[in-house]
């Protein structure tokens, strides 16, 4: 794997559109350097972003109560 990726390489790793990667860069969510007109990112930073997202979202799912079936109401006998 290459030590750096451009916007398209990051988009491929993240499975998102390249424009979304650019938005993430502008928001400061992904560290990047602009070289000329292109952005360059460390592959490690993109993979770290993915790893942190997986950890964060898994932890959030584990905190949610499980969806168990609702208890049935008893019908009163006449």
> For residue 63 and residue 29 in one chain, what is 0.36 nm times their gap in residues minus the Cα-Cα distance, to one decimal in nm?
Replying inline: 9.8 nm
> What does the highest-first list of 57-64, 26-33, 43-50 look like by mean Cβ count within 10 Å?
Replying inline: 43-50, 26-33, 57-64
>> Along the Cα→Cβ direction, 7 angstrom out, place labels at residue 55 and residue 16. What is the inter-label distance in nm?
In response: 1.9
>> Taking the number of other C-beta atoms within 10 Å as the exposure measure, put 37, 56 in order starting with the fewest.
In response: 37, 56
>> For a test of the definition: using alpha carbon positions, the gyration tensor, and the 1.5 limit on a/c, classify the stretch 4-63 as rounded, prolate or oblate.
In response: prolate
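Each value in this text was obtained by applying a stated rule to the coordinates, not by laboratory testing. Worth saying up front: this structure is predicted, and the values here are computed from it rather than measured. With ideal geometry, Cβ positions are generated from the backbone for all residues, glycine too; neighbour counts draw on all protein chains shown.
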